[in-house]
Amino acid sequence: MNDNETIHQAAGIIRKGGIVAFPTETVYGLGADAFNPLAVARIFEIKRRPYFNPLIVHVANPADMKKLVREIPPNVKKLIGRFWPGPLTVVLLKEEEIPDIVTAGLPTVAIRMPNHPMALSLIKKSKCPIAAPSANPFGYLSPTTAEHVREQLGDQVDLILDGGPCPVGVESTIISFFKVGPRLLRPGGVSLEEIESIIGKVEVTPIEEDRPSAPGMLPRHYAPRTPIVLHWDENDLDLHKNKNMGLLAFQEPKNHVRFYSVEVLSKKGDMREAAANLFAAIRRLDAMNLDLILAEPVPEIGLGRAIMDRLRRASQSLTSPPRGGEKREGELL
Ligand code: TXA
Ligand code: MG
């Protein structure tokens, strides 16, 4: 079957209430008809995702927003004029018809138009907006290849569309325009600088909030099985020299020898390349049965903000207690 026929088949599955994993420019999504609550419920089951965490609704055209939201503020029009199709999600007051399961009962809905030919063609052929979270089990790294989806959810979805590796590699930037606004809920594939150049100052929500306004903005998220540590120095290398350690480096590191394995995100220090490689690089390290992954911080400019956000959520401190267990003093997780 060629791609067109496969997308046609995938659209048939969506129309009948099935689940299709599909590529976007950011990460792979796990999609269902946004107006079919039973189909959407299956997404939550497959991901083992808590029902309080709402989904992004994907459209193939800005005009498709009419069925989804009450009104579109001028700043939103400006942003989608500039960044759609692309890695920008806007949160707006929702239309009543959107099933509560999609928005977790919130009065708002998150919407984006992805910049990937397969995703756009799938939405158009399905003739409905597609509700889709990232196609990973809840709390784990987002998939940036069809193979990642197959490994983790392969037997549970009705079809996986393979569009190759995702060019952006981190999820969309989420901006809320609800009540007050604009407010950054999640840094992502469009940088804050680019957004502010169009609409001026955007409020930034710190990630340490008690009750996150985007429930998916949980402090610990995107985590691999191997502990990732972001705050470390040369002394820690000595202290833990008996451990099998991996290094997630931004550019070519000075000190290879201490590490069992090294992943370089971008040799030339290009933030876009680093973002595109991030999740796959962490996955490769995670598959090596290491005791520990040390990550190098990247500068928090442009896409660096999204990269650091994901690294912080995936990481833990060298002295934090082992997951699900008691704190053991002086021991490394
Ligand atoms: O790039 C992306 O955005 C990818 C691709 C597949 O489009 N999708 C994605 O979806 O990352 P997910 O479900 O993994 O993350 C969606 C985030 C969650 O943090 C969720 O809490 C937030 O969007 N969200 C969804 N609806 C919301 C709403 N009405 N208000 C606030 N946050 C919302
Ligand atoms: Mg996700």
Fill in: Point-to-point label distance, Leu237-Lys201, nm (Cα→Cβ direction, 7 Å offset)
4.3 nm
Discussion item. Can you list residues from other chains, or at least 5 along the same chain, whose modelled amide H is less than 5 Å from the amide H of Arg186?
Written reply: Ile174
Fill in: Residue order, fewest to most surrounding Cβ atoms within 10 angstrom, among Met113, Met118
Met118, Met113
Practice prompt. Please turn the phi angles of the range 75-88 into ³J(HN,Hα) values with the Karplus equation 6.51 cos²θ - 1.76 cosθ + 1.60 (θ = phi - 60°), one per residue in order, whole Hz, x for glycine and proline.
Written response: 5, 5, 4, 4, 5, 6, x, 8, 10, 9, x, x, x, 10
Worksheet item: So what's the gap between the Cα centers of the range 242-270 and the range 130-183, to the nearest angstrom?
Response: 26 Å
Fill in: Candidates per GluC sites (Glu not before Pro) in the range 24-74, loop by DSSP, up to 12 other Cβ within 10 Å
Glu71
Worksheet entry | lysines whose Cα lies under 18 Å from that of Lys268, excluding same-chain neighbours fewer than 8 positions away | Lys254
Response to the item:
Label model pair Lys16, Phe138: point-to-point distance (7 angstrom along the Cα→beta-carbon line) in nm is 2.9 nm
Worksheet item: Of the residues Pro253, Pro114, Pro54, which exhibits the maximal mean-square fluctuation in a Gaussian network model of the chain defined by a 10 Å Cα contact cut-off?
Response: Pro253
Worksheet entry | Sparse-neighbour loop sites [chymotrypsin sites (Phe, Trp or Tyr not before Pro); the range 220-301; at most 16 other C-beta within 10 Å; DSSP] | Tyr260
Practice prompt. Taking the chain as the reference, fit the longest principal axis to its C-alpha atoms, fit the long axis of helix 271-286 to the helix C-alpha atoms, and give the angle between the two in degrees, 0 to 90, nearest 10.
Written response: 70 degrees
Worksheet, complete the sentence: Once the in-chain neighbours fewer than 8 apart are removed, the aspartates and glutamates whose Cα is under 14 Å from Lys67 read Asp33, Glu95, Glu96, Glu97
Practice prompt. Work out from phi, with θ = phi - 60° and the Karplus expression 6.51 cos²θ - 1.76 cosθ + 1.60, the ³J(HN,Hα) of each residue of the range 52-63, listed in order in whole Hz, and give x for Gly and Pro.
Written response: 7, 9, x, 9, 8, 9, 9, 10, 9, 7, x, 5
Practice prompt. With label points built 7 Å along Cα→Cβ from the Cα atoms of Ile301 and Leu38, find their separation and express it in nm.
Written response: 5.4 nm
Practice prompt. For the range 107-123, just list the computed ³J(HN,Hα) in residue order, Karplus coefficients 6.51, -1.76 and 1.60, θ = phi - 60°, integers in Hz, with x standing in for Gly and Pro.
Written response: x, 10, 9, 9, 9, 8, 10, x, 9, 9, x, 5, 5, 5, 5, 4, 5
Worksheet entry | Distance-filtered residues of the range 79-116 - backbone nitrogen under 12 Å, label point 7 angstrom along Arg70 Cα→Cβ | 92-96, 107-109
Worksheet entry | Loop-resident sites, the range 1-47, for chymotrypsin sites (Phe, Trp or Tyr not before Pro), counting at most 12 other Cβ within 10 Å (DSSP) | none
Practice prompt. Bin width 5 Å, alpha-carbon pairs only: give the P(r) of the range 57-136 as whole percents, running from 0 to the bin holding the largest distance.
Written response: 3, 15, 28, 26, 19, 8, 1
Discussion item. Just to be sure I understand: with springs between alpha-carbon atoms less than 10 Å apart, which residue in His240, His148, His116 has the highest mean-square fluctuation in the Gaussian network model of the chain?
Written reply: His240
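Any read-out appearing in this document is the output of simple, stated calculations on the displayed coordinates, not a laboratory observation. Note that the structure is predicted; figures quoted are calculated from it, not measured. A quick note on method: Cβ atoms are made from the backbone with ideal geometry, for glycine too, and the neighbour counts reach across all protein chains shown.
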